[in-house]
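This report refers to the structure that appears directly beneath it.
No lab work stands behind these numbers, since they all come straight from the coordinates. Please read all numbers here as calculations on a predicted model, not as lab measurements. Virtual Cβ from ideal backbone geometry, glycine too; neighbours counted across all protein chains shown.
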Amino acid sequence: MKNFTGKALSWRIAGGTVELMLDRAPCNEIGSATLAELEQFVDALAAAGEDARALIISSARSEGFCAGADLRELFERSQAMAQRERLAGVRDFLERIHRVMNAIDSAPLTTIAAVHGVIFGGGFELALTCDMIIADKMARFAFPELRLGLIPGFGGIPRLKRDIGNAVVRDLLLTGRSINAAKAQSAGLVSQVAAEGDALRVARATAAQINKFDSKTTAAAKRFIKSVPHDELKREIEIFCDLFLQPAVEAGLRKFVESTDALPYLP
Amino acid sequence: MSTLEKTTDEILQLAAAHFKVPRENLRADDDFFKTLGINSLQALDLLTRIEQHFHIELPDYELQGVSDFRTLAERIQSRL
């Protein structure tokens, strides 16, 4: 696996650990550029075989891990398209991002999201593909999609349902509120909480421990304890597409894009 | 000092220390966005520090429309 530096992310491999670093201003919003490089990444990861035994996904942006989908790009592209074309474009994007997320989720190596700051929407969904989330104590997690008239579309609901109990799933999804790292750990979302600025260091120490084990045994254990909820993931795409053409969505996106609100990130 | 005044004072101290603003420049009725010069991400950061300091959960929707320290203190009081 060769090291790579792109426009939205980079990766490098050393000592069996692959480090994927998101780095796109302002806060790693996932649009077409990030998606294309994530697709390159999962192809490279699949080809790496046993050279790669652990994966750490983190962010170089001080604002946080990832603020979610690139809503500005989504809005601007949608405005330039007819309704049918708009829906086809969204479906294509969702199917592509689902392939990426499913590939990371089911990768045979052990995967760690080392997160800090904002982990919202699509960023939260990316973190949920990982086997473990190691969170900076200042991290905040949220699914604010309902305020746009949508549900999370990158696989968030099936993975959240897979990983934690209904009380928190419903609270997060139906209120859109954010929760801190301590709450996320008590809910079973976060494996370890790190001191401020230390999530990546803790993730590297964890990856070093993982690298001590036989990779075939680790892969077998992972297959046994973690399944990808494919049927629900497909259903999520259908529900998202059904909702996408509702007038509330265009209004919600426009409101976000044009917002001068002091709290645009809050539901 | 009443409980609300004590909570307000603790918030002002917390905000002054974290955002490096002299404590004496902060008043209970100040708009914290303007006085501290913070954006929405920094407001979330302040919320996390408040939750940690007071050992509470404060849903961010309860902060909609709240921009002064005294009202913020009232919201915190309702969770203590």
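For A:Ala69, enumerate residues with amide H under 5 Å from its amide H, sequence gap 5+ or separate chain, H modeled in the peptide plane.
A:Ile30, A:Gly122, A:Gly123
Full extension from A:Ala33 to A:Glu258: what is 0.36 nm times the residue separation minus their Cα-Cα distance, to one decimal in nm?
Numbers: separation 225, 0.36 × 225 = 81.00 nm, distance 2.23 nm.
Answer, rounded to one decimal: 78.8 nm.
Just for the protein assembly as shown, what percent of DSSP beta bridges are antiparallel, to the closest 5? Don't skip to the answer; put the middle values down first.
On the way: 13 of 36 bridges.
In the protein assembly as shown, approximately 35 percent of DSSP beta bridges are antiparallel ones.
In chain B, if every C-alpha pair distance is counted and binned at 10 Å from zero, what percent goes to each bin?
Pair shares across the bins are 19, 62, 20, 0.
Taking just the alpha carbons, could you work out the radius of gyration and Dmax for segment A:56-194, both in angstroms?
So, for segment A:56-194, Rg and Dmax equal 15.0, 47 Å respectively.
What are the lysines whose alpha-carbon lies under 18 Å from the alpha-carbon of A:Lys7, with same-chain residues fewer than 8 places away excluded?
Within reach: none.
Hey, could you pull the Cα Rg and Dmax for the protein assembly as shown, both in Å?
20.7, 66
Rounded to the nearest 500 deg cm²/dmol, what is the calculated helix-only ellipticity per residue at 222 nm for chain A, with -39500 (n - 2.57) per DSSP H run of length n ≥ 4? Mind showing how you got there, number by number?
On the way: 11 runs with 131 residues, N = 267.
Only helices count here, giving -15000 deg cm²/dmol.
Checking understanding here: applying a Kyte-Doolittle mean of at least 0.0 and a length along the axis of at least 18 Å (C-alpha), which whole DSSP H helices in chain A pass?
Working: long enough: A:32-48 (24 Å, 0.81); A:83-106 (34 Å, -0.61); A:230-244 (21 Å, -0.29).
Counting only whole DSSP H runs, the qualifying helices are A:32-48.
Kindly state, to the nearest 0.05, the FRET efficiency for A:Asp92 paired with A:Ala14, given R0 = 45 Å and r defined as their beta-carbon distance.
In this case the efficiency is close to 0.80.
Taking the beta-carbon count within 10 Å as an exposure proxy, list A:Met1, A:Met81 from fewest neighbours to most. Present the calculation step by step, with values, prior to reporting the outcome.
Working: A:Met1 16, A:Met81 13.
Ranking A:Met1, A:Met81 by Cβ neighbours within 10 Å, fewest first, gives A:Met81, A:Met1.
Return the single residue from A:Gln83, A:Gln185, A:Gln40 with maximal mean-square fluctuation; model: Gaussian network over chain A, springs between Cα atoms under 10 Å.
In this elastic network of chain A, the residue with the biggest mean-square fluctuation among A:Gln83, A:Gln185, A:Gln40 is A:Gln83.
Under 17 Å from the Cα of A:Lys2, which aspartates and glutamates turn up, not counting those fewer than eight places away in the same chain?
Candidates past the 8-residue exclusion: A:Glu19, A:Glu37, A:Glu39, A:Asp43, A:Glu50, A:Asp51.
What helices does chain B hold that run 30 Å or longer along their axis, going by alpha-carbon atoms, with a Kyte-Doolittle average of 0.0 or more, using DSSP H for the helix calls? Walk me through the intermediate numbers first.
Working: long enough: none.
In chain B, no H run is both long and hydrophobic enough.
Rounded to the nearest 500, what is chain B's calculated 222 nm mean residue ellipticity when only DSSP H runs of at least 4 contribute -39500 (n - 2.57) each, over all residues? Please report the intermediate quantities before stating the final value.
Working: 4 runs with 46 residues, N = 80.
Calculated mean residue ellipticity at 222 nm is -17500 deg cm²/dmol.
Under a cut-off of 18 Å between alpha-carbon atoms, report the aspartates and glutamates in cross-link reach of A:Lys137, not counting same-chain residues fewer than 8 places apart.
Cross-link targets: A:Glu63, A:Glu196, A:Asp198, B:Asp45, B:Glu51, B:Glu57, B:Asp60.
How long are the semi-axes of the ellipsoid equivalent to segment A:18-100, from square roots of 5 times the Cα gyration tensor eigenvalues, in whole Å, largest first? Walk me through the numbers on the way to the answer.
Numbers: eigenvalues 148, 61, 11 Å².
Values for segment A:18-100, descending: 27, 17, 7 Å.
Can you report the principal axis dimensions of segment B:10-57 using only the alpha carbons, biggest first, rounded to whole angstrom?
That works out to 27, 21, 19 Å along the principal axes.
Pull up all non-local amide H partners of A:Leu55: gap of 5 or more, or a different chain, and H-to-H distance under 5 Å with H placed in the peptide plane.
A:Val18, A:Thr110, A:Thr111, A:Ile112
Could you tell me what % of all Cα pairs in segment A:160-267 have separations over 18 Å? Present the calculation step by step, with values, prior to reporting the outcome.
Values: 4150 of 5778 pairs.
Percentage above 18 Å: 72.
Residues of B:39-49, mean number of Cβ from any other protein chain within 10 Å of their own Cβ, rounded to a whole number?
What the average comes to for B:39-49 is 6.
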